[in-house]
Structure formats: C-alpha cells, structure tokens
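Worksheet for the structure shown next.
The values are calculated or read from the model by the stated rules, or taken from the named source; none is laboratory data. Note that this is a predicted model, so its numbers are computed, not measured. Every residue, glycine as well, gets a Cβ built from its backbone with ideal geometry; the counts of neighbours run over all protein chains shown. Surface areas here come from the heavy atoms of the whole protein model, side chains and all, with no ligands, DNA or RNA. Shrake-Rupley method; radii C 1.70, N 1.55, O 1.52, S 1.80 Å.
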Amino acid sequence: MHAADDQTPRAEPARPRLRLPRTRRPTPRVVTSGGLTSHVHFLAGPAASTGPAFVLLHGIGMSHRYYRRLQLLLAGHGDTYALDLPGFGGTPTPDRQLTVAEYAVHAARVLEKMGAGRVVAVGQSMGTQFAAELAVQRPDLVSHVALLGPVVDPSRRTVLQQSLALGLDCLKESPLANAVVVTDYARSGLRWYLTELPVMMDYNLDARLAMVSQPVTVIRGSRDPIAPRDWCEKLAATAPNGRFLEIPGKPHLVQHGGAAGTAAEILRLAGE
C-alpha cells in the first residue's frame, strides 16, 4: 500500500507457507573495512539465478544465527548475506561507540567487497534501523526494505519500558530462540551492549523511514510485545511506498518462529 493512500495500512493475509529446504551451511568470510570487521555468512542462490539478493541485518546483541531458517528459505531464490556486525557475533569490539549511520556505511562497504549487486535489506529489531539507514544512504545499493519487529516505539522510549517488553517476549519465544538470544548476548558482552543501547534508543526510525523511497514492508508477529501493532502500522504509512503485515501467533523473533511466512512476504516484496 502506498503512503499516498489515505487509509491506514492493514494487516494482509500471509501467502502459503514455504517449506524449509535441506540444511546448507553458509560460507563464512571475514571482511574488514575502515578498521571495522564483520563476519559475512554467505549462501549462494540457485545457479544462474536472476532473482534478488538479500542482506540480513541483526539486532542489538545478536548475530546471523537467528536468521538461519530465513536465510535458507531466501537462498532458494537468490544470494544471501547474513552479517555479524562489528562488536556482535564474535567480531572484534570497536574501540568507540558506533552510530546507526556508521553501521550502515560499514555494511555497504562490506557488501561492495563481497561483490553484491542491489540487495533487499532485511533488518530485525535494531537491525531495522540499520536497514532503513542503509536504504537512505545508498538507494543505488538497496532495492527493497523489509523491517521485522522494528524498534523503538516513540511512546516507549525508555530503557525500563524496553527491558520489560524484552522480558515479556522471552516468555513467548521458544526455548531454542531464547538459547540463541542468551548465547549471542554473552558473546557480544554486556559492555558493548550497553555502549550501543543509547544509540538504538535515540534513533528516530519514523523520521528516517519517511526518506526511504524504495518499497518497504513492515512485518511483526501478532504476539510481539516490543513492536506494537499501532506503531508498525504507522511506520508502514510513513514510508512513501510502505505496507504492513502481521504473522499470526508469533512473538518478536518472527524470522525464527515464523520463518516461512516471513520469507514469503519478503519474496512478495521483491517481486518473486
């Protein structure tokens, strides 16, 4: 739905679910640019594919690991690049705080070093900030944007409110999803998490998304306590070419628990 429409975007029914393909292991690469290092976990798409490529950008404290199911599904249609951004996923910790804009610049340089063409930028949680910023900075590199469980709702812009929502979400996630979260948080460490937390809290996703000219889909799980429905609908209406979709019964890590429905909507966004 276009922002030019006067109506608020509504949740649309998900397409028929995709089946998880046979497990393939991504090829890991260490890419350094401007003194910052990322790990890139690459899965090639079908041979001679002319489909889209995808970059998967994780949230604060996380890594490529919680994208494994989604990456397998998207790789059936095009090349996928799941990044471990600087300070996360076992990458070297930077010696200073990084802004969202700096993360986006770094992600673009990493993709260029990997030889990626135009990509669909997929972000989850704080990764939605990276994806939106990358789209604003580099419209030549980003063709479409998928925002999964975006943050931070302006009506809940305190650490206490976000912490309570995160705690509630943990009660709704599967044991496997929680295990990934806990181990990834441990790997990134409390110091770096707290260093980047103010950056996440202060970023104005609403304002930046209004500058994204590419098609945008905002996706949330219907049980997500972190990304409330009313704000996600507002975000979709803010984007010049935005639409909103809700995955029934899924919490914040919708790309993990609802990988098939999420992949179907991302592929729909990309015209697949």
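Shape class of segment 152-272 from the alpha-carbon gyration tensor: oblate, with a/c at 1.5 or above and b/c at least as large as a/b. For segment 82-172, the C-alpha radius of gyration sits at 1.19 times the compact-globule guess of 2.2 N^0.38 Å, with N the residue count. Residues in segment 244-256 carry Karplus couplings, in order, of 10, 9, 10, 8, x, x, 10, x, 5, 7, 5, 6, 9 Hz; the curve used is 6.51 cos²θ - 1.76 cosθ + 1.60 with θ = phi - 60°, and Gly or Pro positions show x.
Average accessible surface for the chain: 41 Å² per residue, computed with a 1.4 Å probe over protein heavy atoms with every protein chain in place. Computed over Cα pairs, the Kirkwood radius of segment 83-125 leads via Stokes-Einstein (1.306 mPa s, 10 °C) to a diffusion coefficient of 137 µm² per second.
For segment 59-101, run through the trypsin sites (Lys or Arg not before Pro) and keep only the ones in DSSP coil with at most 10 other Cβ atoms within 10 Å of their Cβ. For trypsin sites (Lys or Arg not before Pro) across segment 59-101 that sit outside H, G, I, E and B with at most 10 neighbouring Cβ atoms in 10 Å, the list reads R96.
Our note on the geometry: Cα centres of segment 62-87 and segment 199-272, 17 Å apart.
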